[in-house]
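The values are calculated or read from the model by the stated rules, or taken from the named source; none is laboratory data. Since the model is a prediction, treat every value here as computed from it, not as a measurement. Every residue, glycine among them, receives a Cβ derived from its backbone with ideal geometry; neighbour counts consider all protein chains shown. Just the protein is used for accessible areas: all its heavy atoms, side chains included, with ligands, DNA and RNA removed. Shrake-Rupley method; radii C 1.70, N 1.55, O 1.52, S 1.80 Å.
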Amino acid sequence: MKAAVIVFPGSNCDRDVTVALRQSMHAGGGGEPTLVWHKEADFPAVDLIVLPGGFSYGDYLRSGAMAAHSPVMTEVARRASRGVPVLGICNGFQILTEAGLLPGALMRNAGLRYVCKDVHIRVESSQTVFTSKYETGQTLRIPIAHHDGNYSADDDGLARLEDGGQIAFRYCDNDGSHSSAANPNGSARNIAGIFNETKTVLGMMPHPERLADAQLGGTDGRPLFDGLIEALS
Amino acid sequence: MSEVTPEIVAEHGLKEDEYQRILEILGRAPNLLELGIFSVMWSEHCSYKSSKVWLKTLPTTGDCVIHGPGENAGVIDIGDGLAAIFKMESHNHPSFIEPYQGAATGVGGILRDVFTMGARPVANLNALRFGDPEHPKTKQLLSGVVAGIGGYGNCVGVPTVGGEVNFDPGYNGNILVNAMTVGIARTDRIFTSKASGPGNPIVYVGSKTGRDGIHGATMASAEFAEGTEEKRPTVQVGDPFTEKLLIEACLELMETDAIVAIQDMGAAGLTSSSFEMASKGGLGVELALDKVPCRETGMTPYEMMLSESQERMLIVLKPSREGLARRVFEKWDLDFAVIGRLTDTGRMVLTLHGETVGDLPIDPLAEAAPEYERPWEPAPSRPHIDAAEIPPPADLGQALVTLLGSPDLCSRRWIWEQYDHMVMADTAGRPGGDAAVVRIHDSDRALAITTDCTPRYCLADPERGGAQAVAEAWRNLTAVGALPLAITDNLNFGNPERPEIMGQFVGCIKGIADACRTLDFPVVSGNVSLYNETNGHGIPPTPTIGGVGLIEDLAATATIAFKAAGEAILLIGETTGHLGASLYLREIAGRHDGAPPPVDLAAEKRVGDLVRGLIVQQAVTACHDLSDGGLAVAVAEMALAGGLGATLGQPDGGLPLHAWLFGEDQARYLVTAPAAGVVLEAARQAGVPAVCIGETGGSGLTLPGTDTISLSTLRAAHEGWMPAYTGA
């Protein structure tokens with residue numbers, strides 16, 4: 001199993017997700033994630049591509065807008081079209097929407113402020129390469145940390161996501177119910193993460209890599225990485 | 001260059017006798033560029049001219065100290081071949097003028113002080129003081145400062161893990177923004193600013209130089225008056241994205257052998273960084289200012305030398321390493337320019353297109369920097385108030401609810417949820433506890449970090465207040481199970497030319513020195529911020545202490561949260577019911593008088609060593625230090641953190657209940673344990689007072705003399721104030 005973590009200027013969760021991937025890779029037979037600098041448009045073949053969180057190019061334009069035009073993204077898109085799984089977390093999700101690999105957009109949080117806290121999210125489908133180690137309907141505690149996490153799409157777009165089973169996670173209360181009080185950023189239909197049509201690209205605002213280690217207070221994020229390694233090994 | 005007139009000298013903040021000294025050093029009149037350089041180098045901010053004689057009295061050595069004050073940041077040994085590098089610095093004046101950028105660039109500056117020395121920054125903290133919440137500016141300042149700190153720290157990807165906030169009318173016209181960064185480096189890869197090797201190239205990296213922040217150091221060394229908002233152009237603008245690139249590029253270059261010396265361009269920019277490097281190495285510098293990357297055309301040498309544009313570093317490279325270094329910085333899309341070289345002349349020679357525009361001797365300028373032994377008078381001592389003289393509240397329970405919902409004691413969640421406190425995935429103890437706990441990457445060890453100061457104690461009795469600030473930092477580190485190692489201090493005071501203000505400074509220094517000595521807790525770095533006055537009103541003396549401690553095993557730490565029902569709650573340390581200068585006195589009785597609680601440093605050490613031992617042996621299940629608001633507030637915080645109530649019994653002894661509940665005696669902790677016996681026996685052997693005061697359980701708090709108060713009532717009060725105040 002080979003995994004690449006793409007590093008953009010301003011990425012700052014590249015090490016964190018590498019640590020989480022490495023933990024699962026070591027438990028699942030070995031291997032070492034590769035860090036790929038964004039100018040390296042020609043990187044080795046891998047089984048998984050991760051776009052980490054951070055503030056690529058400072059997010060001085062729209063979040064993710066500059067990185068979406070980075071040299072490496074042409075190659076990421078090409079491989080995604082061939083079915084190589086791509087995981088985008090936080091800024092990585094924003095880059096995926098800006099690059100057109102996922103529909104919709106991440107707008108400024110409804111509360112207008114940056115929010116960093118644990119939230120609960122509900123797994124909407126366990127039938128994907130990313131979520132196979134979870135149960136459908138399972139509630140996870142995972143942190144968010146973003147200023148622009150308010151998922152938005154037009155009604156037709158939202159209907160297509162619902163109909164296609166493309167909603168990966170929704171913000172929820174700790175009992176799994178989707179209340180507006182549990183929505184930390186105003187996202188349409190409490191959306192915390194979505195798949196592409198083939199369920200090979202996942203973008204999510206919560207950071208599973210931040211709670212994948214009991215020393216940090218929780219491990220609900222770990223099965224996502226364990227499941228990917230298992231499925232792709 | 002225009003002629004230097006007495007008016008221009010005065011505008012540069014130089015006194016007549018200081019100007020005479022310049023004439024003596026140069027043997028001629030300075031030109032404007034040279035005058036500007038003298039003025040920033042001799043400003044209070046850069047020269048510490050009022051404080052130096054007193055700073056020398058602080059204890060700065062200890063077993064763990066690798067580099068004490070004098071470097072960009074303090075360096076301590078934390079074992080395993082690693083060092084913690086840390087410092088706290090103020091950005092008070094800029095933050096008052098432009099809260100977002102002032103606070104943001106404060107974070108950027110302190111980060112650079114730390115990674116300049118070779119450390120990867122791993123934690124940011126901030127100690128903030130605002131004016132009266134009712135003052136028309138306070139709300140906007142609070143929102144702007146918090147957004148600025150978050151905006152910078154979140155983007156660079158260093159977690160903001162802790163800090164403190166106070167509100168007091170004494171800060172109405174002069175808020176305090178003190179930012180602290182902690183980094184970790186290998187002990188064999190620590191970099192300093194001492195230049196060596198005449199002929200070695202001097203390289204400029206990072207952002208381009210603009211006209212922002214010219215004379216920031218001079219501004220930070222003068223009082224505020226009406227109309228200071230007009231100084232807005234001297235506030236710098238931060239670019240955290242470039243800072244992030246600069247961190248990565250510098251750390252990458254530091255992995256090679258290319259660097260001789262490195263220094264960030266902070267206050268007084270290119271002037272102080274080049275001066276510092278040459279002065280420490282006993283060398284000279286030649287800088288070709290036309291080589292300086294500039295943001296705008298037509299910038300003058302004066303502007304280039306005094307600009308405080310952010311995210312810039314100066315590096316002395318080994319010969320023939322320019323190509324290697326250039327490749328690293330070009331990879332990160334940062335400016336890189338060789339702008340000069342070291343010389344053996346001992347002079348700073350500045351040229352523009354080959355023509356000399358400034359020529360100054362370095363050592364005489366540094367050595368002749370003014371140093372004042374300013375007159376001071378001790379603060380008048382305040383009488384001790386006996387608890388019996390202070391009336392009890394109408395309702396003890398209501399008094400607790402009021403205190404928990406007061407601006408100085410309410411939850412800071414509204415603030416720290418705007419900070420990314422988890423990036424880097426090593427935050428093991430999040431905000432809201434006694435100290436932040438940050439794991440040392442790829443290990444089971446951790447650093448504990450805190451910032452502390454109780455300004456109302458320092459105002460009431462500077463010496464006692466100074467000692468208390470150190471003791472509380474030591475106690476907060478102890479309360480999570482860490483061994484306290486060393487501190488950084490950020491000394492914020494009013495105008496030192498007034499003897500009563502200088503008296504506050506001297507008193508606080510004496511208290512800090514005393515506490516550091518007794519607790520073996522040396523000062524390894526620091527910053528002095530004077531002239532925190534507006535229209536002649538000084539701030540309350542605020543010597544903020546940033547403390548760092550070491551946790552050897554993350555499995556043996558403590559948090560404040562109650563863990564299980566039916567556990568014994570034990571009070572460790574001596575309780576006398578001291579209410580003078582307490583929050584109870586201020587918030588409930590409406591009084592601001594009285595002496596602050598005595599600080600018995602020997603007792604502090606004895607009690608703390610006992611408690612740390614209990615935590616490390618995992619004999620206690622929760623621990624919280626007692627400070628503002630006393631016992632009742634601490635119990636409530638532990639209950640809220642654990643979502644579990646408690647019942648306290650009637651105390652022995654004749655103390656009035658309100659003094660027992662709200663007194664702020666020092667050197668005390670609350671712990672929980674499955675059974676009281678082990679703790680009581682350990683305390684008896686250590687000669688430390690300890691008593692079982694109650695038991696955990698239920699969904700409310702029952703104090704002696706009160707009805708049960710539900711946790712939801714307490715939580716609503718505690719969590720409610722700041723969101724309601726800020727309007728969201």
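Answer yes or no: is there a residue in region B:111-121 that is among the basic types (Lys, Arg), part of a strand (DSSP E or B) and surrounded by 24 or more Cβ atoms within 10 Å (Cβ to Cβ).
No; the residues of region B:111-121 include none that is among the basic types (Lys, Arg), part of a strand (DSSP E or B) and surrounded by 24 or more Cβ atoms within 10 Å (Cβ to Cβ).
Which of the following residues is under 23 Å from the mean Cα position of the chain (by Cα) and within 21 Å of B:Lys194 (Cα to Cα): B:Ala268, B:Ala258, B:Ala249?
Exactly one of B:Ala268, B:Ala258, B:Ala249 is under 23 Å from the mean Cα position of the chain (by Cα) and within 21 Å of B:Lys194 (Cα to Cα), namely B:Ala268.
Which of the strands (runs of 3 or more DSSP E) contained wholly in region A:128-233 include at least 1 residues that are surrounded by fewer than 24 Cβ atoms within 10 Å (Cβ to Cβ) and without any contact (Cβ under 8 Å) to a residue 60 or more places away in the chain?
A:139-146, A:150-152, A:167-172
Among helices (runs of 4 or more DSSP H) lying entirely in region B:362-446, which contain 1 or more residues that are away from chain A (no Cβ under 14 Å) and either among the charged types (D, E, K, R) or open to solvent by 30 Å² or more (accessible area, probe 1.4 Å) (or both)?
B:362-367, B:396-404
Against the definition (of a type outside the set (A, V, I, L, M, F, W, C), out of contact with any Asp or Glu (no Cβ under 8 Å at 6 or more places or on another chain), within 14 Å of chain A (Cβ to nearest Cβ) and not in a strand (DSSP E or B)), how does B:Gly465 come out, yes or no?
In short, no.
Would a scan of region B:40-59 turn up a residue that is closer than 15 Å to B:Leu365 by Cβ, of a type in the set (Asp, Glu) and in a helix (DSSP H, G or I)?
No, because not a single residue in region B:40-59 is closer than 15 Å to B:Leu365 by Cβ, of a type in the set (Asp, Glu) and in a helix (DSSP H, G or I).
Filter region B:171-188 for residues that are within 19 Å of the chain's Cα centre (by Cα) and either outside any strand (DSSP E or B) or more than 14 Å from chain A (Cβ to nearest Cβ) (or both) and give the result.
Hits for region B:171-188 are B:Tyr171, B:Asn174, B:Ile175, B:Leu176, B:Val177, B:Asn178, B:Ala179, B:Met180, B:Thr181, B:Val182, B:Gly183.
Which residues, counting only those in region B:508-529, are outside any strand (DSSP E or B) and open to solvent by 10 Å² or more (accessible area, probe 1.4 Å)?
B:Lys510, B:Asp514, B:Arg517, B:Thr518, B:Asp520
Could you say whether any residue in region B:447-465 is small (Gly, Ala, Ser) and open to solvent by 20 Å² or more (accessible area, probe 1.4 Å)?
The answer is no, given that none of the residues of region B:447-465 is small (Gly, Ala, Ser) and open to solvent by 20 Å² or more (accessible area, probe 1.4 Å).
Just for region B:260-309: of the residues that are among the β-branched types (Val, Ile, Thr) and crowded, with 19+ Cβ neighbours inside 10 Å, which one is modelled with the lowest pLDDT?
My answer is B:Thr271.
For region B:712-725, give me each residue that is surrounded by fewer than 16 Cβ atoms within 10 Å (Cβ to Cβ) and within 14 Å of chain A (Cβ to nearest Cβ).
Selection gives B:Pro723 alone.
Do the conditions hold for B:Phe96, that is, is it under 30 Å from A:Val17 (Cα atoms) and buried (at least 24 other Cβ atoms within 10 Å of the Cβ)?
Judged against the criteria, B:Phe96 is not a match.
Listed residues B:Leu26, B:Leu35; which is buried (at least 17 other Cβ atoms within 10 Å of the Cβ), more than 28 Å from the chain's Cα centre (by Cα) and under 30 Å from B:Val237 (Cβ atoms)?
After applying the criteria, what remains is B:Leu35.
Would you say B:Leu614 is open to solvent by less than 30 Å² (accessible area, probe 1.4 Å), modelled with pLDDT of 95 or more, assigned to a helix (DSSP H, G or I) and under 25 Å from B:Asp395 (Cβ atoms)?
When the stated conditions are applied, B:Leu614 does not pass them.
Going by the conditions given, is B:Ala667 open to solvent by less than 20 Å² (accessible area, probe 1.4 Å), in a loop (DSSP other than H, G, I, E, B) and not charged (D, E, K, R)?
Judged against the criteria, B:Ala667 is a match.
Please enumerate the residues belonging to region B:557-580 that are open to solvent by less than 10 Å² (accessible area, probe 1.4 Å) and at positive phi.
Passing the criteria: B:Gly573, B:Gly577.
Being at pLDDT below 95 and over 23 Å from B:Ala388 (Cβ atoms), is that true of even one residue in region B:675-687?
Scanning region B:675-687, I find at least one residue that is at pLDDT below 95 and over 23 Å from B:Ala388 (Cβ atoms), so the answer is yes.
How many residues are under 30 Å from A:Glu40 (Cβ atoms), assigned to a strand (DSSP E or B) and among the charged types (D, E, K, R) when one looks only at region B:304-356?
So the answer is 2.
Of everything in region B:235-256 that's open to solvent by 30 Å² or more (accessible area, probe 1.4 Å) and assigned to a loop (DSSP other than H, G, I, E, B), which residue is nearest to the other protein chains (Cβ to nearest Cβ)?
Going through the qualifying residues, I end up with B:Asp239.
Going by what's in this entry, would B:Phe505 be described as closer than 24 Å to B:Ile78 by Cβ, of a type in the set (Phe, Trp, Tyr) and surrounded by 24 or more Cβ atoms within 10 Å (Cβ to Cβ)?
No, not satisfied.
Which count do you get for residues in region B:112-134 that are away from chain A (no Cβ under 14 Å) and of a type in the set (Lys, Arg)?
Summing the residues that are away from chain A (no Cβ under 14 Å) and of a type in the set (Lys, Arg) in region B:112-134 gives 2.
For the subset of region B:135-156 comprising residues that are out of contact with any Pro (no Cβ under 9 Å at 6 or more places or on another chain) and outside any helix (DSSP H, G or I), which member is nearest to the other protein chains (Cβ to nearest Cβ)?
Only one residue fits best here, namely B:Lys137.
Provide a single number: the residues in region B:61-85 that are in a loop (DSSP other than H, G, I, E, B), open to solvent by less than 40 Å² (accessible area, probe 1.4 Å) and more than 16 Å from B:Arg120 (Cα to Cα).
3
Of a type outside the set (Ser, Thr, Tyr), assigned to a helix (DSSP H, G or I) and either over 15 Å from B:Asp434 (Cα atoms) or touching a Leu at 6+ places or on another chain (Cβ under 6 Å) (or both): which single residue out of B:Gly677, B:Gly594, B:Gly653 fits that description?
B:Gly677
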